[in-house]
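Written out below as structure tokens is the structure these notes cover.
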Amino acid sequence: MGRRCYLRSAFPAGKTKRTRRIGPLSAQTFAAHDAASARKGDTSSSDAILDLILKSLDDDKAEDIVQIDLRGKSSVADHMVICSGRSTRQVTSIAEKLADRLKPVLGRAPKTEGKSQGDWVLVDAGDAIVHIFRPEVREFYQLEKMWMDGADAAPKH
């Protein structure tokens, strides 16, 4: 599940405090938190970006999220994430929201390809590459099979 923001409201003396949900964290707060954890040295920069990507995909209800570690296999990126959206509209929406959340962390908008069609969108976040497919297109290309060695892919859902 995605992170949620809560607002605590105080009542007069003797009354209890109540918490009410005010919705998901904004893209700026979401990205700032993960950027701060990367600066603290908790994780490497690429791992912090990967965490942000996985949280964003989860918040936007992406399906069948698979993470593939590319370190030592490719100099292009450290991580590859593959997921599905139920429709072209959802695929496009997931990609746009992910790009918005990555922009403050990367200092620029990540490069995207395929948003106009919505069948397969590639988001290049530098250290991580994200492929967002419609299920039929994902099944046709079977991109995971090209990079997986059994234990390398870690399904997230």
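The values are calculated or read from the model by the stated rules, or taken from the named source; none is laboratory data. Because the structure is predicted, anything quoted here is derived from the model rather than measured. Positions of Cβ are generated from backbone atoms using ideal geometry, with glycine treated the same way; all protein chains shown enter the neighbour counts.
Of the residues making up region 109-126, at least one is modelled with pLDDT under 95, of a type in the set (Lys, Arg) and surrounded by fewer than 21 Cβ atoms within 10 Å (Cβ to Cβ). On the stretch given as region 78-103, residues that are part of a loop (DSSP other than H, G, I, E, B) and buried (at least 20 other Cβ atoms within 10 Å of the Cβ) total 2.
Number of residues in region 64-77 that are buried (at least 17 other Cβ atoms within 10 Å of the Cβ) and either of a type in the set (Phe, Trp, Tyr) or outside any strand (DSSP E or B) (or both) equals 2. Report whether or not SER46 is within 30 Å of GLN142 (Cα to Cα), assigned to a loop (DSSP other than H, G, I, E, B) and modelled with pLDDT of 65 or more. Spelling it out, it is not the case that SER46 is within 30 Å of GLN142 (Cα to Cα), assigned to a loop (DSSP other than H, G, I, E, B) and modelled with pLDDT of 65 or more.
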